[in-house]
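First up is the structure itself, then whatever we jot down about it.
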Amino acid sequence: MKETLYIIDTFSLVFQVFHAVPAMTSPAGQPTNAIFGITRDILNIIKSQAPDYLIFAMDSSGPGTRNDVYPEYKANRTEMPEDLRPQIPHIMDVVRGFQVPIIECPGWEADDVFATVARQAREKGIDTVIVTNDKDARQLINEAVRLYNIRKDKFMDAQAVEDDWGVRPDQVIDFQSLVGDSVDNIPGVPLVGPKKAQTLIEQFGSLEEVLANADKAKGPKLQQNLKEFADQARMSRELVTLNQNLDLSVDWEASRLTHPDRERLRELFMDFGFRRFAEEMKEDFTKPEEVEPQERIRETVDTKAAFEKFVALLKEQDEFCVDLETTGLKPAEAEIVGWAISWEKHSGYYIPVEGPPGQPALDPQLVLSQLKPLLEDPEIQITNQNIKYDMVVLMRAGVFLQGVSIDPMVASYLLNAGERGHSLDKLSERYLQHTMIPISELIGSGKQQKKMFEVEIDKVAEYAVEDAEIAWQLSRILKDELQQHNLWDLYWDLERPLIPILAEMEFTGIRVDIDELKQQSQALDVRLTTLIEEIHSLAGHEFNIASPLQLRTVLFEELNLPVIKKTKTGPSTDQSVLEKLAPLHELPAKITEHRHLSKLKSTYLDALPGLVNPETGRIHASFNQVVAATGRLSSSDPNLQNIPIRTPEGRLIRKAFIPQDETWRLLCADYSQIELRVLAHLSQDEALSQAFREGADIHTAVAADIFRVTLDDVDSDMRRTAKAVNFGVIYGQSPFGLSEAIGIPQNEAAGFIDDYFDRYQGVREFLDQILEDCASKNYVTTICGRKREIQGVRGGVQKQLNMPERTAINTVIQGSAADLIKQAMINVSQRLKDEAHPGRMLMQIHDELVFEVPVGELESLGEIVQCEMESAMDLEVPLIVDMSSGLNWLEQTSLGSD
């Protein structure tokens, strides 16, 4: 049997995988999707095709020989995408790790390299497979050379070329000379497409014969073009013809596929976050193996008899995955279209309850009534990707899922907090090397986009079952990963119990007074109109204040204000510049005010009414567990945590957030200085801890220490400085950052920081320890064992901390505070359930929890919340919660005086 050589068209494959694999990042935050795709493809070729030889063919850098023939050759090519460029050196590292040669030839392209190597291989009696999508390579096909489309897992031989283009491989050059190639900017002959080219070659045999017989071509315009553009066709032939005679000497022994450098590859894959690939490097994977069939066994359950049989089978399972197909993306408004359920690899069931007219579907209430007892049984474990979404949809249908098990999305987040995404598509690529069916294949996009219930049930079933069984597979893999990385307890005891709490908060939502928002919007309209008049008056003429160009002219040419910083297009007019210019002239301050009020109006006052659910009169925001790398929750649709409170107009927006009715109240519980208390506990600094134990105002206490005055002598400016230093320490702020924040000289700011660390030695030692540990381990941990990988820490507190060092400190302190409030939420929620209390948790805003409660139960709710929040963790310093209540989120009074 002949030996086989596989040649990889390097950049053809690189661009394929970059666009095919969803965006991925390494633990250090670098893009890795192309590296991942190339690695997966190399492994697939080695395992499934078992080549004897493997070579990577590369384009040479700079202009090539073809540009001498036609300067516009490949002129249409776009710049390499920004996220791809930094991946190229790492791809080369991976290829070298597999001990595969990379061959290039100055002035020539990868196509010419593999053309030459394929000829040499044939002369040695070696069959060649070229891994490329480049149509030029079709000219090389013969009895010893085939092409391989790795994305479709299809080989192309001479018959396949004839089936596609209607010409033989030896006629491909002439065919392409006529047709041209828009991708490489090869002109060809105008008006000659593939069909005409095939007809002409079939009629006349070759390009020269076609050109010689131009008068016999069909149609006067075609005849004219064949004559007028004959030289262009001949030039195109020169451009498309691959050079099979480059001066290349292939080292065949070096090209023989032997044992990769598994240790080097394992090291690279760990750096990239490719844990599954790293695991594979522990054993010899070069031996041929049977590729596991990827076909999914799915059953569409669309009759009562089939459903009864399915339910009997389901009752035998103690854990399974449930994935709902729904009418929309907003869970508090979505209806169920179908149920996908899986409890084993490559297998699942789809139960349609809605579909196109005439297609069989089961009664939604029948399905719901049979599945409800299983979903509400706490002894049965339910898993799914982003299970919180399904829980909210089910709550709307009257089902309260109890046994939450593994959510791969949350598990992935705990394992890789610094990565940008934890979607099912990305996790499938990362852990299973499987590309999932895109949703666009089902519902399309844009104006033609369908609703899920309008799609044929068979197609929905295929898509839905894939989602369910992939989520099931991932739940098994990630459970093991959590246990291996000592993150299981963090998931099972903290993040998992939080999922149903967040689902309930989203389902409940918070009532919003739309009339109040409209009144505030109208008031801002008046103020904005007045502001524009004032700005025009200050400038001496009207101009478009939203135009950076016109504003630049007014500020720097007409008013002669100093240029603070420049951009590519000229002097900057961004917010930081306007703030620096404000003391010099009134106009920049007015512009700042206008920008602030315009944003408030568009982002909140005008947008929030559109987010109110018409059925409930409430906003049902999403609370996200897997966004902030520190472990904090975030919110979206809308982002409630970003509602500004630093200005009167921003704070006023909170007035529109109200309880169920006038017989209810909102209760707000806010941890007092939680991050500083966490710092005191973790650092064990005696002076800081003592101040908290004595109930002192911590900013006043620190001011007294760093200014060396008594507590009574601390004035408001001293306290403000101390507050900035306190929080600056948490965020790893530099003297420059502190000086900018409070408007003092940089050397003075440096002095305050030095004084702080002199007084609080325990804090200094603790921060040193964080950075030393991170420098050696490349990760930091929070109070509950949450991990975040961080690279680039130098070790020890430097005079000027770099970004990784600030991130490390911030993660430990802010992440520990996030752990604490999550535990508080779990404790409060459990207590409310145990006591069947009517109080409801509505929102979590950083260190604050917001509830609604009947006015008669306000005091009892306050006692429960205060007790559970202040005892959420046993710290060295007391936890203090400030409590207030009112008829809206703005107008609050301390609890007890309402």
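Output the residue which, of all residues in the range 860-872 that are out of contact with any strand residue (DSSP E or B) (no Cβ under 7 Å at 6 or more places or on another chain) and buried (at least 17 other Cβ atoms within 10 Å of the Cβ), is farthest from D834 (Cα to Cα). If you could, list the steps in order and put the result at the bottom.
To start, the set of residues in the range 860-872 that are out of contact with any strand residue (DSSP E or B) (no Cβ under 7 Å at 6 or more places or on another chain) comprises 860, 863-864, 867-868, 871-872.
From what is left, the residues that are buried (at least 17 other Cβ atoms within 10 Å of the Cβ) are 864, 868, 872.
Details: I864: 11, E868: 13, A872: 17 Å.
Out of the qualifying residues, it is A872.
Among residues of the range 469-489 that are without any contact (Cβ under 8 Å) to a residue 40 or more places away in the chain and of a type in the set (A, V, I, L, M, F, W, C), those with a Cβ under 7 angstrom from a residue that is surrounded by 14 or more Cβ atoms within 10 Å (Cβ to Cβ) and part of a helix (DSSP H, G or I), sequence gap 6+ or separate chain, pair up as W488/L482.
For the range 457-480, a residue qualifies if it is surrounded by fewer than 22 Cβ atoms within 10 Å (Cβ to Cβ) and among the acidic types (D, E), and the qualifying residues are D458, E462, D480. The residues in the range 324-353 that are farther than 22 Å from I382 by Cα and modelled with pLDDT of 95 or more can be counted, and the count is 0. All told, G796 falls short of being touching a Pro at 6+ places or on another chain (Cβ under 7 Å) and over 30 Å from I658 (Cα atoms).
Does any residue of the range 58-75 turn out to be more than 30 Å from M235 (Cβ to Cβ) and either under 33 Å from the mean Cα position of the chain (by Cα) or surrounded by fewer than 18 Cβ atoms within 10 Å (Cβ to Cβ) (or both)? Steps first, please.
So the first thing to find is which residues in the range 58-75 are more than 30 Å from M235 (Cβ to Cβ), and the list is none.
No; the residues of the range 58-75 include none that is more than 30 Å from M235 (Cβ to Cβ) and either under 33 Å from the mean Cα position of the chain (by Cα) or surrounded by fewer than 18 Cβ atoms within 10 Å (Cβ to Cβ) (or both).
The C-beta contact set for the range 764-778 (first residue under 20 Å from Q733 (Cα atoms) and modelled with pLDDT of 90 or more, second residue small (G, A, S) and surrounded by 18 or more Cβ atoms within 10 Å (Cβ to Cβ), distance under 7 angstrom, 6+ apart or interchain) comprises F766/S683; I770/A808; L771/A808; C774/A808. Test L366 against the criterion of being at pLDDT 95 or above, surrounded by fewer than 17 Cβ atoms within 10 Å (Cβ to Cβ) and in contact with a Lys or Arg (Cβ under 9 Å, 6 or more places away or on another chain), and give yes or no. Taking the combined requirement at face value, the residue satisfies it. Selection of the range 20-60 for residues being in contact with a helix residue (DSSP H, G or I) (Cβ under 9 Å, 6 or more places away or on another chain) and in a helix (DSSP H, G or I) yields A20, N33, A34, I35, F36, G37, I38, T39, R40, D41, I42, L43. Picking from residues in the range 828-859 that are among the polar types (S, T, N, Q) and surrounded by 16 or more Cβ atoms within 10 Å (Cβ to Cβ), the one that is farthest from N888 (Cα to Cα) is S829.
Residue-level check: of (1) in contact (Cβ under 8 Å) with a residue 60 or more places away in the chain; (2) surrounded by fewer than 14 Cβ atoms within 10 Å (Cβ to Cβ); (3) at negative phi, A503 misses just (2).
Scan the range 162-184 for residues that are free of Cβ contacts under 8 Å to residues at least 24 places away in the same chain and surrounded by 22 or more Cβ atoms within 10 Å (Cβ to Cβ) and report the count.
The qualifying residues number 1.
No other residue among E504, E557 is more than 30 Å from A278 (Cα to Cα), among the acidic types (D, E), assigned to a helix (DSSP H, G or I) and not assigned by TED's automatic domain parsing to the domain that holds M395 apart from E557. Applying the set (1) in the same structural domain as D515 (by TED's automatic domain parsing); (2) hydrophobic (A, V, I, L, M, F, W, C); (3) not in a loop (DSSP other than H, G, I, E, B) to A680 leaves exactly one unmet item: (1). Residues of the range 455-485 that are over 20 Å from S405 (Cα atoms) and touching a Phe, Trp or Tyr at 6+ places or on another chain (Cβ under 6 Å): A461 alone. The test for being more than 27 Å from I499 (Cβ to Cβ), in contact (Cβ under 8 Å) with a residue 60 or more places away in the chain, part of a loop (DSSP other than H, G, I, E, B) and of a type in the set (D, E) does not hold for E649.
Of the residues making up the range 89-140, those that are within 24 Å of P260 (Cβ to Cβ), among the β-branched types (V, I, T) and not in a strand (DSSP E or B) are I91, V94, V95, V100, V113, V117, I126, T132.
With the requirement that a residue be hydrophobic (A, V, I, L, M, F, W, C) and more than 18 Å from I55 (Cβ to Cβ), what does the range 18-43 give you? Before the answer, list the steps.
Going through the range 18-43, the residues hydrophobic (A, V, I, L, M, F, W, C) turn out to be 18, 20-21, 23-24, 28, 34-36, 38, 42-43.
Result: F18, A20, V21, A23, M24, A28, A34, I35, F36.
S576 falls short of the stated requirement of being outside any loop (DSSP other than H, G, I, E, B), of a type in the set (G, A, S) and at pLDDT 90 or above. When the helices (runs of 4 or more DSSP H) confined to the range 358-464 are screened for residues that are closer than 19 Å to A340 by Cα and under 22 Å from the mean Cα position of the chain (by Cα), those reaching at least 1 such residues are found at 387-396, 408-415, 424-427, 440-443. Close contacts from the range 81-103, counting a first residue that is within 17 Å of S12 (Cα to Cα) and a second that is among the β-branched types (V, I, T) and surrounded by fewer than 16 Cβ atoms within 10 Å (Cβ to Cβ), with Cβ to Cβ under 8 Å and a gap of 6+ residues or different chains, come to M92/I102; V95/I102. Of the residues that make up the range 231-247, is at least one touching a Cys at 6+ places or on another chain (Cβ under 6 Å) and either over 30 Å from I42 (Cβ atoms) or among the aliphatic types (A, V, I, L, M) (or both)? Within the range 231-247, one or more residues are touching a Cys at 6+ places or on another chain (Cβ under 6 Å) and either over 30 Å from I42 (Cβ atoms) or among the aliphatic types (A, V, I, L, M) (or both). Looking only at residues that are out of contact with any strand residue (DSSP E or B) (no Cβ under 7 Å at 6 or more places or on another chain) and of a type in the set (K, R) in the range 737-796, which one is farthest from H485 (Cα to Cα)? Across the range 737-796, the extreme among qualifying residues is R759.
Identify all residues within the range 298-343 that are of a type in the set (D, E), touching a residue at least 12 places away in the same chain (Cβ under 8 Å) and surrounded by fewer than 21 Cβ atoms within 10 Å (Cβ to Cβ); write none if there are none.
Within the range 298-343, the first condition is being of a type in the set (D, E), and the residues that meet it are 299, 302, 308, 316, 318-319, 323, 325, 333, 335.
In the following step, the residues that additionally are touching a residue at least 12 places away in the same chain (Cβ under 8 Å) were identified as 299, 302, 318-319, 323, 325, 333, 335.
Of everything in the range 298-343, those that are of a type in the set (D, E), touching a residue at least 12 places away in the same chain (Cβ under 8 Å) and surrounded by fewer than 21 Cβ atoms within 10 Å (Cβ to Cβ) turn out to be E299, D302, D318, E319, E333, E335.
With P804, P838 as the choices, which residue is in contact (Cβ under 8 Å) with a residue 12 or more places away in the chain and touching a Pro at 6+ places or on another chain (Cβ under 8 Å)?
P838
The values are calculated or read from the model by the stated rules, or taken from the named source; none is laboratory data. Being a predicted model, the structure only gives us computed values, none of them experimental. So basically every Cβ, Gly included, is an ideal-geometry build from the backbone, and we count neighbours across all protein chains shown.
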